[in-house]
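Participant: First, the structure itself, so that you have it in front of you.
The values are calculated or read from the model by the stated rules, or taken from the named source; none is laboratory data. On a predicted model such as this, the values are computed, not experimentally measured, just so you know. A quick note on method: Cβ atoms are made from the backbone with ideal geometry, for glycine too, and the neighbour counts reach across all protein chains shown. Protein only, heavy atoms only, side chains kept; ligands, DNA and RNA dropped before computing areas. Shrake-Rupley method; radii C 1.70, N 1.55, O 1.52, S 1.80 Å.
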Amino acid sequence: QVQLVESGGGLVQAGGSLRLTCAASGSIRRINAMGWYRQPPGKQRDLVATFASTGSTNYADSVKGRFTISRDNAKNMVYLQMNSLKPEDTAVYYCRLIYSGSIYWGQGTQVTVSS
């Protein structure tokens, strides 16, 4: 049983920073891909930043230069450092893991950026 737990969301003013953390637990031997998605109110869930199994990263154009994804393989954790936050970054942020052919999602953490 794989579980993902996100933390670090909250309310921040525009221009501020937040750091999200996702911890994966369970019988995990090798992570295929892990990353972050977000879903603004009334909109679909979209990619924010991910690690591929090769270690390469992929960012949404809207966050390039502001957000940085990092990970700790030994701890099965992934982080999202979010700087220069904008009101349009307001969303529920979800951690996603691809492992052994299955996709797992966390419960989400709310990020609200006030103008």
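Participant: Could you list the trypsin sites (Lys or Arg not before Pro) in the range 14-115 that lie in coil according to DSSP, counting only those with at most 13 other Cβ atoms within 10 Å of their Cβ?
Facilitator: Values: sites: R19, R29, R30, R38, K43, R45, K64, R66, R71, K75, R96; in loops: R29, R30, K43, R45, K64, R66.
Hits after loop and neighbour filter: R29, R30, K43, K64.
Participant: Less than 10 Å Cβ to Cβ from D89, Lys/Arg counted +1 and Asp/Glu -1: what total charge do the surrounding residues give? Kindly include the intermediate steps, with their values, before the conclusion.
Facilitator: Working: positive: R38, R66, K86; negative: E88.
The answer is +2.
Participant: Write down, largest first, the equivalent ellipsoid semi-axes of the range 9-71 in whole Å, where each equals the square root of 5 times an eigenvalue of the alpha-carbon gyration tensor.
Facilitator: Working: eigenvalues 103, 41, 34 Å².
Three semi-axes, in Å: 23, 14, 13.
Participant: Let me ask another. Taking 0.36 nm per residue of separation and subtracting the Cα-Cα distance, what length does fully extending N83 through S17 add?
Facilitator: Details: separation 66, 0.36 × 66 = 23.76 nm, distance 0.44 nm.
Gain on stretching N83 to S17: 23.3 nm.
Participant: Tell me which residues come under 5 Å, amide H to amide H, from G108 once H is placed; ignore anything under 5 positions away on its chain.
Facilitator: E6, C95
Participant: Over the chain, with the other protein chains present, what is the accessible area per residue in square angstrom, probe 1.4 angstrom? Walk me through the intermediate numbers first.
Facilitator: Numbers: 6130 Å² over 115 residues.
Averaged over the residues of the chain, the accessible area is 53 Å².
Participant: Next question, about the same structure. Taking the Cα centre of the chain as origin and charging only Cβ (+1 Lys, Arg; -1 Asp, Glu), how large is the dipole, in debye to the nearest 20?
Facilitator: Working: 12 positive and 6 negative charges, 42 e Å.
Taking the Cα centre of the chain as origin, the dipole is about 200 debye.
Participant: Something else now. Sort largest first and round to whole Å: the equivalent ellipsoid semi-axes of the chain, each the square root of five times a Cα gyration tensor eigenvalue. Write down the numbers at each step before the final one.
Facilitator: Working: eigenvalues 113, 38, 31 Å².
Calculated on Cα positions only, the semi-axes equal 24, 14, 12 Å.
Participant: Please give me, ordered by residue number, the chymotrypsin sites (Phe, Trp or Tyr not before Pro) of the range 25-74 that lie in loop per DSSP and have at most 15 other Cβ atoms within 10 Å.
Facilitator: Working: sites: W36, Y37, F51, Y59, F67; in loops: none.
Loop-located and lightly packed - none at all.
Participant: Right, here's the next one. Quick one: which residues, 5 or more positions from T90 or on another chain, have an amide H under 5 Å from its amide H? H modelled 1.01 Å from N in the peptide plane, none for Pro or chain starts.
Facilitator: Close amide H contacts, sequence-distant or interchain: V113.
Participant: Using θ = phi - 60° and the Karplus relation 6.51 cos²θ - 1.76 cosθ + 1.60, list the HN-Hα couplings for the range 5-19 in order, rounded to whole Hz, with x at every Gly or Pro.
Facilitator: 10, 9, 7, x, x, x, 9, 9, 7, 3, x, x, 10, 9, 10
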